[in-house]
Amino acid sequence: MILITGARFSGKKAFVREYLCPEGTETACALWEVQTLAEPGMTEMELKALADRLAEKKILTFTETGCGVVPMDPAERERREAAGRLGCLLAERAETVVRLYCGIPQVLKGRLEK
């Protein structure tokens, strides 16, 4: 599995479309914004099970949620924490992890081949 991460609007989708999925197959090829699947109150076991299911996909995009202002709402803080934990679990399972910053890919783990 290839995990593509980065901030919002950092070029994750454009990168996947240009380098990893043939034109017109992006929907079947990649699963977008998987951090939204992490729910507040999820146990570590539930997050691990979710990560195991997601790791079966070819390409995942994950928007970093740990930077910036910490939300005041406790439920939003929990959601952010769960998303961060899910991201760590996915990075652990991924063969390749690519972080995009301003549209520039940085391979953090593994190799990226066209």
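Read the figures in this text as sums done on the coordinates, not as results from a lab. Because the structure is predicted, anything quoted here is derived from the model rather than measured. Every residue, glycine as well, gets a Cβ built from its backbone with ideal geometry; the counts of neighbours run over all protein chains shown.
Overview of values
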{"read-out": "Whole-angstrom gap from segment 90-105 to segment 41-76, using each part's C-alpha centre", "value": "15 Å"}
{"read-out": "Using distinct alpha-carbon pairs, which all enter the 1/r mean, Kirkwood radius of segment 38-98 in Å", "value": "12.2 Å"}
{"read-out": "Where labels lie 7 Å past Cα in the beta-carbon direction, separation of Glu18 and Cys67 in nm", "value": "1.8 nm"}
{"read-out": "Cα principal axis extents for segment 1-102, largest first, Å", "value": "41, 29, 20"}
{"read-out": "Helix axis angle, 74-93 relative to the chain longest principal axis, alpha carbon, degrees", "value": "40 degrees"}
{"read-out": "Gaussian network model of the chain, Cα within-10 Å springs - most flexible of Val16, Val69, Val34", "value": "Val69"}
